[in-house]
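These notes are about the structure you will find just below.
The values are calculated or read from the model by the stated rules, or taken from the named source; none is laboratory data. This is a predicted model, so every value here is computed, not measured. Please note: Cβ atoms are built from the backbone with ideal geometry, for glycine as well, and neighbour counts cover all protein chains shown. The protein model used for the area step is the full one, side chains on, heavy atoms only, and it has no ligands, DNA or RNA in it. Shrake-Rupley method; radii C 1.70, N 1.55, O 1.52, S 1.80 Å.
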Amino acid sequence: MLPEKPSKNMTIREIIRRTTQRLEAAGIDSARLDAEVLLSFFLNCDRTQLFKNYEEQMTRDQLGAFDKLIVRRLSFEPVAYITGRKEFWSFTLEVNRDVLIPRPDTEIIVEEAIGVCRSAGCSRPQILDIGTGSGAIALALAREIPDARVTATDVSAAALEVAKSNARTFGLEDRVSFILGDLFENVSGTFDLITSNPPYIGAAEYDTLASGVKDFEPRLALWAGETGLEFYEKLIYQAHGRLREKGWLLLEIGAKQHEMIHSLMMVHNDSYRDIAVRADYAGLPRVIRGRRE
Ligand code: SAM
Ligand code: GLN
């Protein structure tokens, strides 16, 4: 059994090995990576500096303080909530427990949105991102499409505070405006592009989520009624009145939902054309798009 609290100084090499073993013993798959990310966060350096300073010693006091972070990870708290930051697109975004930790898969909707804007040749596009959370999608689009005006909404005031802070950090606060409300509530005007990564976890799937997700990430960001389709029904129905002629609706979807959501968009066939599903890099359906006539 490994000692919980070391009784002597240890080198960075030893502390990484010991921390990896503790995290592995708790069943955490990414143990070695997490140990390195948390230690570099604690020492305020990047991971490569850890390797350069492998034989440096950490004092008992430092080890005691670092141990507090490890105890949080041992209870399955996600690394991003412990460090307060997460890489997404070209940003390191601030995150806390009021927002979903942005997922790499969500970069697909950003890629698609940039693609449809470029191929439509929109100038000064008006973009709306519903349920913006940390601001991930909205800020990436504002950065990549420099003449775009972006509106980002969320029903959570606390989430919007995080998104606004991220917008200020990246100097995008003049191009992104934030609105508190339920879906299109308080939103005026029409848009060339509407994006959303809405909650899409249904009741049965919610029970099976990893405890790092279920016990730490906001239920409000994940839970989407019995079927998981609640938000798609409303978004698909309400968005067409908010799209300009030839404007696009792009939605992130759960891997098993594409047929149902495709049908929902087909029901609104008078409103949506060119409906297509794009897979993520694991080959799973991830984004659906449709264009207003
Ligand atoms: N867009 C972020 C991302 O991709 O990382 C966050 C997506 S998270 C899955 C869904 C977001 O929708 C959460 O921030 C949640 O607060 C917000 N939300 C939930 N219900 C909403 C509603 N009725 N209207 C607007 N936003 C809502
Ligand atoms: N992709 C998220 C997960 O892994 C779910 C996000 C959502 O509901 N939009 O849990």
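Tabulated data
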item	result
Principal-axis tilt of helix 157-169 within the chain, Cα atoms, nearest 10 degrees	80 degrees
Full-stretch length increase - Phe76, Arg60 - with 0.36 nm per residue and alpha-carbon distance subtracted	3.3 nm
Bins of 5 Å from zero: percent of alpha-carbon pairs in the range 110-174	4, 19, 31, 24, 13, 7, 2, 0
Cα gyration tensor, the range 174-271 - rounded (a/c under 1.5), prolate or oblate	oblate
Three-way shape call for the range 13-162 based on the alpha-carbon gyration tensor, with the a/c threshold at 1.5	prolate
Hydrodynamic radius by Kirkwood, which averages 1/r over all alpha carbon pairs of the chain, in angstrom	20.6 Å
Segments 252-261, 38-47 sorted - mean Cβ within 10 Å per residue, highest first	252-261, 38-47
Helix axis angle, 60-74 relative to the chain longest principal axis, alpha carbon, degrees	40 degrees
Calculated FRET value between Val213 and Arg124, using beta carbons and R₀ = 30 Å, to 0.05	0.20
Helix 107-120 vs. the chain, principal-axis angle (Cα, 0 to 90°, nearest 10)	30 degrees
Per-residue SASA entry for Phe51, accessible area with 1.4 Å probe, Å² rounded to 10	90 Å²
Extension gain from Ala158 to Ala204, taking 0.36 nm per residue of separation minus the Cα-Cα distance	13.8 nm
Too-long pairs where the Cα-Cα distance tops 27 Å, listed order kept, from Lys68/Lys164; Lys164/Lys256; Lys68/Lys256; Lys214/Lys234; Lys8/Lys214; Lys86/Lys246	Lys68/Lys164; Lys164/Lys256; Lys68/Lys256; Lys8/Lys214; Lys86/Lys246
Largest to smallest accessible area among Asp182, Asp34, Asp174 [probe 1.4 Å]	Asp174, Asp182, Asp34
Label-to-label distance, nm, for residues given as Thr11 and Ser165 (7 Å Cα→Cβ offset)	3.8 nm
Average projection area in nm² (convex hull over Cα atoms of the range 174-225, one quarter of hull surface)	5.3 nm²
